[in-house]
Structures are given as structure tokens and as C-alpha cells.
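**Q** Pasting a structure below so you can have a look.
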Amino acid sequence: MISIDDSFVDSAAPNADAVKNGRGLVLKKKFVKLHIADDETILFGDCQGSGSKPYQCSCDFIRPGSPTYRCNCPSRQFPCKHSIGLMLAYVQNAKAFSVAAVPEDLQNKREKVVQRAEKKAETATQPKQVNKTALAKKIKAQLEGIAILEQLTLDLVKIGIGNMNAKLADTIETRAKQLGDTFLPGAQSALLAYTTLFSDEQGRFNDQMSNSAREALYSDALDQLGRLHSLVKQGRSYLEKRLNDPDLAPEKESPIAAWLGHAWQLTELRDAGLTQANAELLQLAFNSHDDLARKEFVDTGIWVELSTGKIATTKTYRPYKAAKFIKSEDSFFQVAQVPTLCIYPGDMNPRIRWDEMVPRPPVEGDYKRIRESAAVDVQALVKSVKNNLKGPLSEKQPVCLLRFKKIGLVGDAFVVEDKAGNRLSMTDRGMSEEPSSVQLMRLVPQDTLIDQVLVARFRHDLDSSKLEVKPLSIVTGSEVLRLTL
Amino acid sequence: MSIAVLHEVYSEVRRLSVAGSVVAPGDFRLKKLVAPLKKTGGKAPIFARVAEVVEGVVGSDEKNAAERLLDLTSLVCSILFTQGTTGAEGTLVDIVSSSVKTTKKQVSARMLKPLMEALTTKGSGRLEEIRTAIDLGLFSDLRLVRPALGAIDDVYGEIADLIADRVLPTYGKAIYSELKSSFDPKGKGGHARRLKLMHVIDPDTSREVVKDSLSTGSAEVKIAAIQCLGDSSEDLSYLIEQSKAKAKDLRGAAYHALCKLPNAEALEVLVKAIDGKDSELVARSIGKQKPANLVAKSLERLKLQIPLLGSIKDKNKQGDAVSKVLDLLAIVEHEVSPEVEKFMKETFESASSIHKIKSTPSGADIIEQIVLVLMRASDASTRYLIDRRDDLPVGLFRELFEESLEKLKPKELFKIFSPYVYPKGAKKNSNEMQRHEAITEELRSSQGRYWMWTTDTSKKHPIDIGWLDLAIENDDIFTVTDLAETKHAKSAKYLNEKRADKRLKDHEGDLELTSALIRIGQPDAAVLVIDKLKSMIGKKGYSNHYGWINLASRLDIEMVPRLEELFSDPKLPKQWGDQLLDAINTIRENNPQRNEQ
């Protein structure tokens, strides 16, 4: 039985245009054949395109958690508008699909997919062969990269943050490319994050910046230099350890491997035991922003795992050059049932991934579970956040759940208060990845300001020495009211 | 833990990092902090550690200063991150939250993001995106409130107006404070919209802002403020004051508001205006209102001024007087009472003397305006004009025929107007020919025919069949194609003959003829369309395939297999394919039951 709805199709589509175009195909009745297999595991049909022969497309749900989309059109988007249109046609009128035998060539492809999945499962259980010589060579190159990063960091401190200029920014960007050549893309991004602080919206060095604006970013710049310094120290120690012991697996207790740019494979995470079985996740917030330092669009989902109440993040990186061909993520309003959730090494909000997921509609019990797992004591929550923040390479803007008694005003400042009367001020300052949300407190329904759960992003401001929160969403007994995107 | 000293260390580290680590060795201000750090270090060892690292920086040299400064940075920052202050002292008061109604199901980021961009950026295509979002009700998502508020200043006025008229009022009082805080009385369009919105959302609270704007606002804001005024005596005095303003737009806005007020003082100002130089401004400012008293006063003046027009010798002065009369007529037409109607008819009776006025504007302009007023006034006045049709300016003959088409029965219409069509021996551009063209053109358009010969039956007027007979008799092919009826055998015969006429075959009229044949249900017409399309495939040069495929969409369901056959023709140009498929789908949609069979 194929159980899909509009939101499923939306989330499967690579971008908004693909959904729009797919819907257009259905409206224009371009599907000349609509079929479903008698076991109801696959939809297939013919869609008239611009050529004389129609395109043959299909949506295979033999693995419900990981559907396979096929089409013989030349599009590089995946799934293409024809497969999306096919699903939309099914959502709109399942009766229009007549039962038919799956064409032979399609059946062969389906069998191959099953075989491939079986083979993959089989190989996943086998120990991974590591080419130790190649690994040692790579680590040596990375150590050389670390030396470059160290020198650059020291040079920047020597010159002084206040003396940053366009020429220096250019030099750093050129040198940063060397870090990419030494298998340190993470370190490269961290270095570019420093120069990006001085950039305009187009990513060019902003030489028109006012003195006050420059003054305001010095603390962040200093913090970033501190991070680079820690990255050099921890990175070198980690790499030297691995060079001396080639059998040593990537570090799983701290995020240092990811900081250096290690791209964790799902199999690696599984091998390292960084998984959770039968997880259920509800998305609390979602944003898509342009990361000038990485030269990528980043889609970030903030999720709560319903059984543990832990907050985790999904991240999809879409490099500018390939953005058109990589599926952009979207808000997800259902509960994702994940048989095997892979969790990256990390602190408060570790990154998560999965390869199979079955959606289900959220029920009131889900919101109740969120309420139960939210922190009720501001003091205790702040303590754990501070504990996290002191790590130089930790997430500096962690997201937490707080069950509050009231959100109100002290003077002009928006403040959230817990049952014991402990308070946190709200701010948008320094958190520009998401649009400002504090002023929305004046617009939300009155009942959402009393005794609900706040999804809050914390930030410590080094200049004012204040720990404040940005509201991302409010979870009530029946919904997640999103305040950002 | 006394962290004040740590903050001092941090600010010194920050200062040195901004200036460059070369100045760090031996830094006096940093060195001064070692002692207090050591003192506190006795109680809290972390301070002793900081003191040690500070000493390391102070004692560094050019080679290692940067590294030591970074060590100190990391250490101090990690301590300070654990010392952030939280909370806010003072009484926690309730937020006066809004009445913004949020949708239960929030909008996905993929839908929201382009809309946010449409509201916050520049460029083409945004208006349509916003219109669609309004129709889909997306603006009830509260995340769009602030971008929508920002769009009130959009450089593209149409977007700003759309948002101000259809989106922002739905948020109610929730946005009032935001509107007020961003309102600048000296500002331009966006601020005028803000003021009007504040007035719509909360007239009482916005009262003071409106009053202030009247005295201190920019021209655009002042006009908006005038539009916000009501009928109180205080408002009246404001309006009277503004009616004396130098700026024409301000006076116009004041007159518009005064027209709404049913009191003597307002009327006095308006009368003064129509007697003075502002008569045109008053006439333009009335809008959709029906100011009865002003109409009466204007009528009085018309009665006095029209008879005097002929006696003015100076052409310029005569032209000014005619302009004034035209302004007064424009006011009077807002409320055509029996008295006005009577006056208009009397004036029309003396049209010949008025026609003699040759100034700019002229007497002919007055007559034209009077005819137009009478035409729309009542059935009786239309009937009056029909009776006097030969005296009407020829340029208004089509308007008269259009009105008659609405008001007369088909037979009577034919009887009265048919003598004017196909005049024998009439010259081009002669009055006779102009009347003929006015009638035939109006007849053709009265049948609801549109581009690509589609028919909107709701706009089709019943007409006497005599018109069709006359058109056939006079071989008026275009009128016949538009008027042809299913049950009129003569028109089918005529059209078939014309269709067979080789001289017309590749003419544009071929398409019109075939269209008419399809409309009147001629069985062979569908085959003609298919054959025509077939003949066009593979043919070089221009061909109106678009028109013919469009015609194909009106064929009967039985023709679908023929069209599908055409569709599978490998020679069919790619750009035709989509359109032909649409045509087939249209036929299927129009014949749902037969389609299922």
C-alpha cells in the first residue's frame, strides 16, 4: 500500500520549481498512462513531454523508507518533475491508476536495486579494508596543512584584527585553498569564516564598513582566532595520534574529526556505534542560509528525538556550483520514523542522518513528550549550556527546549521566565542565520506565551557578557509554532 | 568568584589582538592585572593559572607573542563563557499580543522563502508571486508579518499598495505600534500608507497622529491625513483650511472629503470653488459620490451660463467659459435628477446655436457631454435620443446604438436602425458610412466573439435575424461569420460557398469562415480543420498553426482519434505538440461523460 500525501511529495522534491512543474503536468493532463502494480508497491506511467514519445517514469515504494524514482527524461534533477507529477497524480486521484503488470525492463531494474541493497547490507557487515600507506600519506599532508593554518593564525594575530584589509583577506583566501589541497576542508571553512566576518553580502571584503560596525565584530573575530588556535592544537594532537596508530578509528568522543573536514560515512557511524534504533523525530525549526565562507547553501533542520528529548540537527550542504542538482531540504511537519538513526560525534546538538525514514502524522502525545522532556529550570539549563560553551570547538549557539511559565516584557526587553522566576532575555543579536523572531512575540496568540515549551537558541555575547536566547519556535499541546525559517 | 578582573583581562586581550600582538610584550596595562589575579588565585586556582598565562604574554618576545596571546584568549574566553549573566531585573509585564490569526498548518520554508524574497528584494515577477500568496492565504503565517510591513515602502508602488490594501489590515491592532514607530510624517508614499493604515486599524488612537500630520506632514502624508478625516466640526475646520492650500493635490483631497459632508459650510466652500478656478478640481475630486446640494448649485449656474456663451466675443474668454460649463456638467452628471434631465433636453434642443461656439473647447464638446449624460440617465432619455438620432453628433452614433441594443427589443432595433446600414453610394468617411460602420461593428461585438473566435455566450445579445439576411445580401463576409446562426440555412450556404471559393483559401478569412462553420454545427467543418492542419505540417514559411490548433480544441469528441493521429505524426513540429495535446485535453474536458465511454 502506497501511503503518500502532498507534504511527502513536497519533501521528496529537489526544489520548489520541481513541485510546481510536476503539478503543472498533472493539471495539463500530460500523463497519458497511469498504472500501479497489483501488489501496490510501484507507480508507473507515461508522461507526454516536448518530444514525440512520452517519458516513462516510475516511483518505486518496494523499500518504503527509501523510495526509488526512475524516469528516462534527460533531467539531472532527482526525482524529476515527471516522477513528482506521477506521485501528485496518485495523491489527487488514486483511482485513476489502473492495475497493470510491471514492464519487464522496470522489473529488472527493481530486482537489481533489491540485489544491490542486499549486497550493501552484506558488505556493511564486513570489516572495512584500510590502505594504511595511503592513510599515513593523507595524515602527513593534513599535518602540513595544520602547520599552514597555524602560521596563518599567528600572522593574523601578529598583524592585528584592526589591520585587516582587502589585500590581506585575498591572501588568506588564496592560502586557504592550500588547506583544501591538504584534505582539511573543515579547517579551510573555519579560516574563511574569519575573513567572512569582514565581508559584505556578496562575500567581498567590505572596505566601506563603518568604524562602529568594525568595532562590533572584533569580539567575534577574536573568538574565531581562538577557535583556529584550538583547532590547530587539538587537530595536530589528533592527527599525530592517528599517524602513530593507523588502526585508530576517527575520534568519536569529540567533533574534532568533522572540524578537520572528515566526511563521516553512514557505515562509519554505524561501525562506531553512533546510532540509535527506532528513533522518532519531530522537526522543531528549519532554516536555509547562504554560508559565504563555505560557498554553500546550508539547509539546517532542528529536530527533537521524541523518546530521549534530545535536540539534534540535520545539515544539507549544497555547494553553489552544484546547488541546482542537489535536493534542497524543506520544513517537515510529520514525525520521521527512522529505523537506524546515525549520530555524529558532538555535544549538545549533534548532527544526525538517516538513509531510510517512514513519515507519520504527529499526534498530541508527541507534543506531550516534548513538554515532558523540556528543561523546567532555567538555572540548571544555563549551567549545562555554559558547560558546553566553554569547549573551544563546541557549538557556540546550542538549541535547547525550555518549559516556561511566561514570556513577557521587562521594560522593552522580551524575557522568558520559568516556574521558579528565573529569567532569560531574548535577542536576535549575533544570530543572523535565521530571520529575527523576538518581535514576533507581540504577534503570537496570547495562550502561546503562557506555560508552553520554547525552542531556544542560546548565545553568549562576549562584549556584554550576557547569555541570551533567540526564540525559534514555541511548542504547544497541539502544534509547533515556528517563528523562523 | 570575582570576575571583574577577568573582564579586564579580556578587554586588554581584545585591545592587543586588535592592535596586533607585536605590542603585547611588556604591555603595561596587562602587567598591572597580574597582581590582583594572583591575589584571587589564592582562593580560586583558575585565577592563578590566568595570571601565569598573562605573565607569559607580558614576558613574550616578537616570535612567541602571538601564540601566547592566543593561549590567553582561549583560556579567558572559556572561563567567561561560563560566567555569562542571565535574566532581567524588574517587573515582568504581559505582552499585549495581537489578534493575528495564524493558520494551524504553517507554510513550508520552500513556499515561504521565495515569498520573503519577493517582499524584501527588488526585481520583476514579484507582484504575481505576492498576489498568488494572498489568494492562497499564506499571509496568515505570522513569519510574514514583518516582511509585509517592510513592503509598505516597496519601490514598486503597486506592490506597496497591494500589501497595504489587502494584507496589512488583516493583522489588525497587532501591527499598530510597529506602524507608528516607523511612521515619519515628513516621509513619502510609504508613510502616507502607514497613516491610512493606522486610521483603518484604530481610528481613535490614530487621531492625534492624523492631526499632527495635517500640520507637519509632507504633501503625500497630508493628503492621506485629509482622507482620514471624518464629519466632526473639528474635521470640517481642518478641511476648510486645506481647501485653501497652495498645492492642488491637497485642495483636491480636501474637496473630495468635503463632498462627503452634508452640511452648509462644506457646501459653501465647494460652491466657492466651482465659482472660482477650482471647478475642474472639484469635478475630478467627486469620485463616486452623489453630492445632491452641489449638483443643484451647479445646475443653477449652468442655467445661467450656457445662454451667455454665445455672447462672449473674446475666444479665450469664451473657451474658459465653455471649460467652466463642462466642469459643471461633469459635476451634474453624478446625480441626474428629473430636473437635470429636463435641463439637458432643453439644452440639446438648442444644439444648433451651441454648435456655433468655435472656441477651444467648443460648443460641440458641450453637446457631446450632454448627449452622454442623457444616454446614461434613464430609458426615457435614451428613447428621446433615439428619436433625435439624426441630430446627434455622428461620433456618438455607436454609443447610441449600443444603448439601444440594451434597451430596445430586437425587432424594434432592426426597424429603427437597419435603414442606416449598407448605404447605397455613400462615400468613405461620409456620415452615412460612419453610421453604417458604427452599427455593423457594434452588432459583431455584441455577439461575444473574442480572439481566436471563441464565444462568450453570457455576453451575447439577441438580435433580429434580419441583420444576418442584410449582411448576406450585401456580401459582408465578416459580419456574416460573426452573426451566423445554427438554424439559419442561408448563412450555412453562404459560408460553405465562401469556403469553397479558391480566392479565399489561404486568406486569413479562411480561419474565420471555418470557425463560423464549426459554431453553426456544419458537419464537414471538423474535417476541414484536420485537413488544414495536415496540409500545414512540413510546410515551410509562415502558417497560422496556433489559430488552427485553437480551432481544433472546439471540435467534437469523435474527432479526438484523428487529432491523436496527427499528434503522432513524426513530422509534427515540436512546438505544435504541446498545443495540440492541450486542444485534445480541452475536448475531453468539455465532453466528460462521452470521454469515459
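Laboratory data are not the source of any read-out in this text; all were calculated from the coordinates shown. Everything quoted here is computed from the prediction, not taken from an experiment. Quick reminder, even Gly has a Cβ in these numbers, built from the backbone with ideal geometry, and neighbours come from all protein chains shown.
**Q** Apply the membrane-span-like helix rule to chain A: whole DSSP H runs, Cα extent along the own long axis of at least 24 Å, mean Kyte-Doolittle hydropathy at least -1.0. List the helices found. Let's see the in-between values first.
**A** Numbers: long enough: A:104-125 (32 Å, -1.65); A:132-159 (40 Å, 0.48); A:211-244 (49 Å, -0.81).
Correct list, ordered by number: A:132-159, A:211-244.
**Q** Next up: Return the calculated 222 nm mean residue ellipticity for the protein assembly as shown, to the nearest 500 deg cm²/dmol, obtained by summing -39500 (n - 2.57) across DSSP H runs with n ≥ 4 and dividing by the residue count. Don't jump to the answer; show the numbers that get you there.
**A** Working: 47 runs with 542 residues, N = 1082.
Calculated mean residue ellipticity at 222 nm is -15500 deg cm²/dmol.
**Q** Still on this structure, please answer the following. Tell me, B:VAL394, B:VAL210, B:VAL269 in order of fewest to most beta-carbon neighbours within 10 Å? Walk me through the intermediate numbers first.
**A** Working: B:VAL394 14, B:VAL210 24, B:VAL269 20.
So the residues, fewest neighbours to most, are B:VAL394, B:VAL269, B:VAL210.
**Q** Also, I was wondering about something else. Please compute the contact order of chain A in relative form: average sequence separation of alpha-carbon pairs under 8 Å and at least six residues apart, divided by the residue count, as a percent. Don't skip to the end; give the middle numbers.
**A** Details: 835 pairs, mean separation 53.6, N = 485.
In percent, rounded to a whole number, it is 11.
**Q** I'd like the Karplus ³J(HN,Hα) series for region A:424-437: coefficients 6.51, -1.76, 1.60, θ = phi - 60°, whole numbers in Hz, and an x wherever there's a Gly or Pro.
**A** 3J(HN,Hα) across region A:424-437, in whole Hz: 9, 7, 9, 8, 9, 4, x, 10, 8, 5, 10, x, 4, 9.
**Q** For region A:1-148, what is the relative contact order in percent, using Cα pairs closer than 8 Å and at least 6 residues apart in sequence? Please report the intermediate quantities before stating the final value.
**A** On the way: 175 pairs, mean separation 33.9, N = 148.
Computed value for region A:1-148: 23 percent relative contact order.
**Q** Give the long-range amide H neighbours of A:SER199: residues separated by 5 or more places, or on another chain, with amide H under 5 Å away, using H modelled in the peptide plane at 1.01 Å from N.
**A** Answer set, sorted by chain and number: A:ASN206.
**Q** How high is the relative contact order of chain B, in percent, with contacts defined as C-alpha pairs under 8 Å that are six or more residues apart?
**A** Values: 621 pairs, mean separation 27.3, N = 597.
Normalised by residue count, the contact order of chain B is 5 percent.
**Q** Let me ask another. How many angstrom separate the Cα center of region B:106-168 from the Cα center of region A:162-220?
**A** When both Cα centres are located, 34 Å separates them.
**Q** Next question, about the same structure. Subtracting the Cα-Cα distance from 0.36 nm times the residue separation, let me have the gained length for B:ALA264 to B:LYS493 in nm, one decimal. Walk me through the numbers on the way to the answer.
**A** Values: separation 229, 0.36 × 229 = 82.44 nm, distance 6.96 nm.
Gain in length upon complete extension: 75.5 nm.
**Q** By the gyration tensor of its Cα atoms, with a ≥ b ≥ c the square roots of the eigenvalues, what is the shape of the protein assembly as shown: rounded for a/c under 1.5, prolate for a/b over b/c, or oblate? If you can, show how the numbers build up before the last one.
**A** Numbers: a/c = 2.84, a/b = 1.56, b/c = 1.83.
Taking the square roots of the gyration eigenvalues as a ≥ b ≥ c, the protein assembly as shown is oblate.
**Q** Can you find, among A:SER199, A:SER219, A:TYR90, the residue farthest towards the positive end of the dipole of region A:85-230? Put +1 on the C-beta of Lys and Arg, -1 on that of Asp and Glu.
**A** A:TYR90
**Q** About the Cα centre of region B:343-430, how large is the charge dipole given +1 on each Lys and Arg Cβ and -1 on each Asp and Glu Cβ? Please answer in debye to the nearest 20.
**A** On the way: 15 positive and 13 negative charges, 88 e Å.
With only Lys, Arg, Asp and Glu charged at Cβ, the dipole is about 420 debye.
**Q** Charges on Cβ only, +1 for Lys and Arg, -1 for Asp and Glu, centred on the Cα centroid of chain B; of B:THR40, B:GLY521, B:MET559, which one is farthest towards the dipole's positive end?
**A** Result: B:THR40, furthest along the dipole toward the positive end.
**Q** Taking the 0 to 90 degree range and rounding to the nearest ten, how far is the long axis of helix B:109-120 tilted relative to the main principal axis of chain B, both from C-alpha atoms?
**A** 80 degrees
**Q** Go through A:PRO339, A:ALA249, B:VAL93 and say which Cα lies farthest out towards the positive end of the charge dipole of the protein assembly as shown; charges sit on Cβ, +1 for Lys and Arg, -1 for Asp and Glu.
**A** A:ALA249
**Q** Which of rounded, prolate or oblate describes region A:427-485 when judged by the alpha-carbon gyration tensor and an a/c cut-off of 1.5? Mind dumping the intermediate values first?
**A** On the way: a/c = 2.27, a/b = 1.92, b/c = 1.18.
Judged from the Cα gyration tensor, region A:427-485 comes out prolate (a/c at least 1.5, a/b above b/c).
**Q** I would also like to ask the following. Let me spell out the model: positive unit charges on the Cβ of Lys and Arg, negative unit charges on the Cβ of Asp and Glu, origin at the Cα centre of the protein assembly as shown. What dipole size does that give, in debye rounded to 20?
**A** On the way: 155 positive and 149 negative charges, 339 e Å.
Dipole about the Cα centre, nearest 20: 1620 debye.
**Q** Tell me, what is the Rg over Rh of region B:517-597, with Rh the Kirkwood radius over Cα pairs? Intermediate values should be presented prior to the final figure.
**A** On the way: Rg = 12.4 Å, Rh = 12.9 Å.
Over the Cα atoms of region B:517-597, Rg/Rh equals 0.96.
**Q** With +1 assigned to the C-beta of every Lys and Arg and -1 to the C-beta of every Asp and Glu, and no other charges, what is the dipole magnitude of region B:396-437 about the Cα centre in debye, to the nearest 20?
**A** Details: 9 positive and 7 negative charges, 53 e Å.
The calculation lands at about 260 debye.
**Q** Near B:THR82, within a Cβ-to-Cβ distance under 15 Å, what is the net charge of the other residues, with Lys and Arg +1 and Asp and Glu -1? Kindly include the intermediate steps, with their values, before the conclusion.
**A** Numbers: positive: A:LYS383, A:LYS386, A:LYS390, A:LYS396, A:ARG459, A:LYS466, B:ARG49; negative: A:ASP223, A:ASP347, A:ASP461.
Its environment carries a net charge of +4.
**Q** Something else: Between helix B:292-305 and chain B, what is the angle of the helix's C-alpha long axis to the longest principal axis, kept within 0 to 90° and rounded to the nearest 10?
**A** Its long axis makes an angle of about 50 degrees.
**Q** Oh, and also: For region B:128-198, rounded, prolate or oblate, judged on the Cα gyration tensor with a ≥ b ≥ c (square roots of eigenvalues), a/c < 1.5 rounded, else prolate if a/b > b/c? Intermediate results must be reported in sequence, preceding the final value.
**A** Numbers: a/c = 2.24, a/b = 1.37, b/c = 1.63.
In terms of gyration-tensor shape, oblate.
**Q** Let's test the formula: R0 of 41 Å, r as the Cβ-Cβ distance of A:ASP355 and A:LYS29. What FRET efficiency results, to the nearest 0.05? Each step should come with its number before you reach the end.
**A** On the way: r = 35 Å, r/R0 = 0.86.
Once rounded, the FRET efficiency stands at 0.70.
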